[in-house]
1. Considering the Cα trace of the range 19-72, what is its radius of gyration and what is Dmax, both in angstroms?
2. Give the order of Glu40, Glu25, Glu49 when sorted by the count of other beta carbons within 10 angstrom, beginning with the fewest.
3. Calculate the translational D of the range 11-50 in whole µm² s⁻¹ from Stokes-Einstein, where the hydrodynamic radius comes from the Kirkwood formula applied to all Cα pairs, the temperature is 25 °C and the viscosity 0.890 mPa s.
Amino acid sequence: MRIIDAKVIVCSPGRNFVTLKITTEDGVYGLGDATLNGRELAVAGYLTEHVIPLLIGRDARRIEDTWQYLYKAAYWRRGSVTMSAISAVDTALWDIKAFPTLVFRSTCPIAKKPTGYFRTPTVLLTE
């Protein structure tokens, strides 16, 4: 499940909301909030120019790996703009990972422990 597109959406009167939409090759998309009051355009520019090019082609299921990659690959000090951008990516990727569970009511686990799955698959709906 590779990331093929990501776009920044700045909306609301006065540029108050910054949203990141990440789309995968399967057509699944996730949304993440990157709003930082007073610095909306700084976060939008950071996402557009620095983060989105790094995301294209990465596996959307490797959330922790992507978080570490963005956190440690920052050229400058990780301040509020960088962390707002990373949190938007993190939220959007978790949204993508939860999509099968929410839409198809799948029994696939969302979180994993190093030793295995956090939750064992069970039947969620009985008819």
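Each reported figure results from applying straightforward, stated rules to the coordinates on display, with no laboratory input. None of these values were measured; they are calculated from a predicted model. All Cβ positions, even for glycine, are placed from backbone atoms using ideal geometry, and neighbour counts span all protein chains on display.
1. So, for the range 19-72, Rg and Dmax equal 11.8, 35 Å respectively.
2. Lowest to highest Cβ neighbour count: Glu49, Glu25, Glu40.
3. So the translational diffusion coefficient is about 223 µm²/s.
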